[in-house]
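A short worksheet on the structure shown next.
What follows is calculated from the coordinates using simple rules that are stated; it is not laboratory data. All values derive from a computational prediction rather than experimental measurement. Quick reminder, even Gly has a Cβ in these numbers, built from the backbone with ideal geometry, and neighbours come from all protein chains shown.
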Amino acid sequence: MNVTAKLLALFNVEKQIRGLKGRLTAAERFLAEQDKQLGLIDAQKAAVDQQVKQLTVAQRNSEAEAQKHSTRMATIKTQMESTTKSKDYTALLTEHNTIKLEKDKFETQALETMTKIEELNKQVAEFANKRAEREKVRGVALADRDAKAKEIEGRLAELTAERNNAKTGVAAEALSTFEKLLAVRGEEAMAPIEELDRKHYEFTCGSCQRTLTMDGVNALLSTGRLTRCTNCGCILYVEKELAESMAPAGKK
Ligand SMILES: [Zn+2]
């Protein structure tokens, strides 16, 4: 077998492996997406938890301030009861009313903060629901991934062995070129040459349709040396039918 024929055999195995892994890859991607979604829910919940923590501290502070003002008001009230001078009484009353306004402000703050905390706690509960639902989906995704992996396990082992066999005897440089192309172009790593016009000896690259040089086509037909499309870079090969129909012409 010439190098192109060897690479084509390897390419065919690679394509089968890709086809087989395709379904598993989709299942793996779906599973990874579920993990990502779970992570997102956890991050959102953590942010809300943090807010609740901060607001709880703020609410306690407001309550403590309101309490402090209440105590102060009670003290002033006692003083008012024992005072005899009208002027002192008026001053104490003014102070009492000023402190009451402050106290009311803190009480309102505490209430408003409490309302916010309650709203956020509802969100936290929703996150728990969302998480539970997402975990169900993840469970299905995991089972599906495992089933698909199991399904292809045997055939994949066979194909991997075939691939190793196909690689033996391929020149290192040609193999490296092929593997790089496979990584970048996937199933377009190799392409058949296509006959455009036999009479005028016109052939094109099966991948990008660029017209090929006569030298390239001749080399492929005669020696099967590694030939790449000058436009897209894929490794070219000649399909069996075309090679057979060309054989007499090649012998002339
Ligand atoms: Zn091409």
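What the table below lists for this structure:
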{"read-out": "The chain - mean residue ellipticity at 222 nm from DSSP helices (-39,500 (n - 2.57) per run, n ≥ 4, rounded to 500)", "value": "-29000 deg cm²/dmol"}
{"read-out": "Whole-Å distance, taken between Cα centres, linking the stretch 130-176 and the stretch 1-30", "value": "11"}
{"read-out": "Kirkwood-type radius of the chain, with distances r between different C-alpha atoms, in Å", "value": "26.0"}
{"read-out": "Relative contact order, percent, the chain [alpha-carbon distance under 8 Å, six or more residues apart]", "value": "27"}
{"read-out": "Degrees between helix 86-167 axis and first principal axis of the chain (Cα, 0 to 90, nearest 10)", "value": "20"}
{"read-out": "5 angstrom amide H check on Y237, placed H, neighbours 5+ away", "value": "A191, I193"}
{"read-out": "Lys, Arg +1 and Asp, Glu -1 on Cβ, resulting dipole of the chain about Cα centre, debye, nearest 20", "value": "240"}
{"read-out": "Zone residues, the stretch 30-66, relative to K130, backbone N less than 17 Å from point 7 Å out along Cα-to-Cβ", "value": "33-52"}
{"read-out": "Ranked C232, C205, criterion: other C-beta atoms within 10 Å, fewest first", "value": "C232, C205"}
{"read-out": "Integer Hz, Karplus 6.51/-1.76/1.60 couplings in order for the stretch 195-200, x for Gly and Pro", "value": "7, 9, 8, 5, 4, 9"}
{"read-out": "Over 31 Å between alpha carbons, listed pairs K53/K103; K36/K150; K77/K116", "value": "K77/K116"}
{"read-out": "Computed over the stretch 1-149, Kirkwood Rh from alpha-carbon pairs, angstrom", "value": "21.7"}
{"read-out": "Helix 172-185 axis, angle to the chain major axis (alpha carbon atoms, nearest 10°)", "value": "50"}
{"read-out": "Student exercise, the stretch 105-154 dipole from Lys, Arg, Asp, Glu Cβ charges, in Debye to nearest 20", "value": "100"}
{"read-out": "In the stretch 155-252, lysine pairs closer than 19 Å at Cα, eight or more apart or cross-chain", "value": "4"}
{"read-out": "Residue order, fewest to most surrounding Cβ atoms within 10 angstrom, among H69, H200, H96", "value": "H200, H96, H69"}
{"read-out": "Listed residue (A183, A143, G216) projecting farthest to the positive dipole end of the stretch 134-235, Cβ model", "value": "A143"}
{"read-out": "Kirkwood hydrodynamic radius over Cα pairs of the stretch 126-182, then Stokes diffusion coefficient at 37 °C and 0.692 mPa s, in µm²/s", "value": "220"}
{"read-out": "Unmatched cysteines, the chain - criterion: no other Cβ of a Cys under 4.7 angstrom", "value": "C234"}
{"read-out": "Reach of K85 by Cα under 20 Å, taken over aspartates and glutamates that are not fewer than 8 positions away in the same chain", "value": "E95"}
{"read-out": "Point-charge dipole on Cβ atoms (K/R +1, D/E -1) for the stretch 12-80, about Cα centre, debye to 20", "value": "40"}
{"read-out": "Virtual paramagnetic centre 7 Å along Cα→Cβ of A149, amide N under 16 Å, in the stretch 12-27", "value": "21-27"}
{"read-out": "Helix axis angle, 3-82 relative to the chain longest principal axis, alpha carbon, degrees", "value": "10"}
